[in-house]
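The values are calculated or read from the model by the stated rules, or taken from the named source; none is laboratory data. What you see is a predicted model; the values in this text were computed from it and never measured. Here the Cβ positions follow ideal geometry from the backbone for every residue, glycine too, while neighbour counts run over all protein chains shown.
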Amino acid sequence: MFKDTLLDNLTIGILVLDNDLKTIYLNKKMKNILKEQNIDKKYFNFSIKNFNTIENYKIKTYEIKKNKKKFIQMEFHETIERSEYKLVTMLDTVQDFIFYLDSKGRIEYFNEAYANYLGKSYLEIIGKKESEFFPKEMAEKCEANNRKALDNGNFYEEENFQGRWYQTFKSRVDLGNNSYGILGMVKEITASKKKTLDLKEKVYKDILTGIYNRNFYEEKMNKLLENKKTKIFSMMLLDVDKFKKINDDKGHDVGDLVLKKIAEILKRNVRKSNDFVIRIGGDELAVIIDGNLKELEKILKRVEKDILKENLLGDLKFNISVGLAEREQEENLNNLYKKADIELYKMKYKKQGATNESNKVI
């Protein structure tokens, strides 16, 4: 049941007892330990407390279950001051996960932090593949990462797993005589990653409205359109009618509230993750969508409906002028902006003309 050639090659002693504390398995190393200590294995049927009489070994005890039966597994780690044991002891103090896989991806070594993370005993981990301990998607990634490490010499990745960020490094190790494997190191970087993401968020977010800012527009949107030269994008450019008058008559605080409200309305009415609401500067805002003009017109109708509702029921009174434009193939962001700006100017000119007509004295 517990016999395994792999266990006989371990440098630690493995002892398994049944529920009555009778010895049912010892690996080769454990037999040698008993021989060194001049102890008969029957002695272990007496009391677990007597295990502590074995000198120069650190003992770890686990309860394991197999086929609905309970067993006690004990590991005897040598503490004699030899370089290899010093190294193992040092690696067990490291909080990062460190492990070694053979050429088939089976775990031959792992440190204490890795075992604690998996919540498994030595016997439950050794000889298994790391993919056996993770959900399907993560398991497939582990297998793919191992192949990349073996083929390319190393593999590096930062990833989010179950809400936490990890930095994974795997390197091929050639031991000679056609023997090779993979040294793996995994470091949790949740705290530092959060700081980095928060910093990026501040760099690309407008402080007043919470939407994307001009930095995002010039860097990220430019790059997005460059990378997707044949993709259709559409832009809505808008500003607040008589915004200067609002600031002059009612104060900049009210002007800020108007901008916040418009940003809120725009965010509420874009539906896809790849639709972007951006404050270009002042009272000039933009909506850029991964779609055609008809889709953008639908968004505009929803926005106008919300503004009408706000003007009827809210304390803030404002209107906007807009310009819509659809990107032609390989057209850059600057040209798309110019087309939308021309349409915006046309609407403002039309509104100004209508105002002048209404102010004529007959």
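List of remarks:
- Test result for ILE207, of a type in the set (A, V, I, L, M) and either in a helix (DSSP H, G or I) or surrounded by 14 or more Cβ atoms within 10 Å (Cβ to Cβ) (or both): no
- Filter result (out of contact with any helix residue (DSSP H, G or I) (no Cβ under 7 Å at 6 or more places or on another chain), under 27 Å from GLU219 (Cα atoms) and not aliphatic (A, V, I, L, M)) within segment 240-267: ASP256, LYS260, GLU264, LYS267
- Residues (in contact (Cβ under 8 Å) with a residue 40 or more places away in the chain and either touching a strand residue (DSSP E or B) at 6+ places or on another chain (Cβ under 7 Å) or basic (Lys, Arg) (or both)) located in segment 247-272: VAL258, LYS260, LYS261, ILE262, ALA263, LEU266, LYS267
- The residues listed here are LYS42, LYS70; of these, the one that is over 24 Å from LYS187 (Cβ atoms), assigned by TED's automatic domain parsing to the domain that holds ASP8 and at pLDDT below 85 is LYS42.
- Residue in segment 183-193 that is more than 22 Å from the chain's Cα centre (by Cα), in a strand (DSSP E or B) and at pLDDT 95 or above present: no
- Annotation for segment 273-285: at least one member residue is out of contact with any strand residue (DSSP E or B) (no Cβ under 6 Å at 6 or more places or on another chain) and on the phi < 0 side of the Ramachandran plot.
- The number of residues in segment 212-231 that are assigned to a helix (DSSP H, G or I), of a type outside the set (S, T, N, Q) and over 23 Å from the mean Cα position of the chain (by Cα) comes to 5.
- Close contacts from segment 19-44, counting a first residue that is farther than 15 Å from TYR57 by Cβ and a second that is modelled with pLDDT under 80, with Cβ to Cβ under 6 Å and a gap of 6+ residues or different chains, come to LEU21/ASN45; LYS22/ASN45; THR23/LYS41; THR23/PHE44; TYR25/PHE2; LYS28/ASP8.
- Exclusive hit being over 27 Å from ASN9 (Cα atoms) and either among the polar types (S, T, N, Q) or not assigned by TED's automatic domain parsing to the domain that holds LYS66 (or both), set ARG172, ARG164: ARG164
- For segment 351-362, the criterion of a residue being over 17 Å from LEU224 (Cα atoms), modelled with pLDDT of 95 or more and either surrounded by fewer than 16 Cβ atoms within 10 Å (Cβ to Cβ) or of a type in the set (A, V, I, L, M) (or both) is satisfied by no position.
- Here the condition is being acidic (Asp, Glu), in contact with a helix residue (DSSP H, G or I) (Cβ under 9 Å, 6 or more places away or on another chain) and in a strand (DSSP E or B); of GLU132, GLU159, GLU140, GLU124, it holds for GLU159 alone.
- Any hit, segment 235-243, residues being over 29 Å from ASN332 (Cα atoms) and surrounded by fewer than 19 Cβ atoms within 10 Å (Cβ to Cβ): yes
- Segment 84-118, residues that are in a loop (DSSP other than H, G, I, E, B) and either modelled with pLDDT of 90 or more or under 22 Å from LEU175 (Cα atoms) (or both): ASP96, SER103, LYS104, GLY105, ASN111
- Scope segment 307-330; condition surrounded by fewer than 17 Cβ atoms within 10 Å (Cβ to Cβ) and touching a residue at least 24 places away in the same chain (Cβ under 8 Å); matching residues: GLY314, LEU316, ASN319, GLN329, GLU330
- Test: residue in segment 289-299 that is exposed (fewer than 14 other Cβ atoms within 10 Å of the Cβ), touching a residue at least 60 places away in the same chain (Cβ under 8 Å) and either among the hydroxyl-bearing types (Ser, Thr, Tyr) or not in a loop (DSSP other than H, G, I, E, B) (or both): no
- Just one of (1) within 30 Å of VAL254 (Cβ to Cβ); (2) part of a helix (DSSP H, G or I) fails for LYS148. It is (1).
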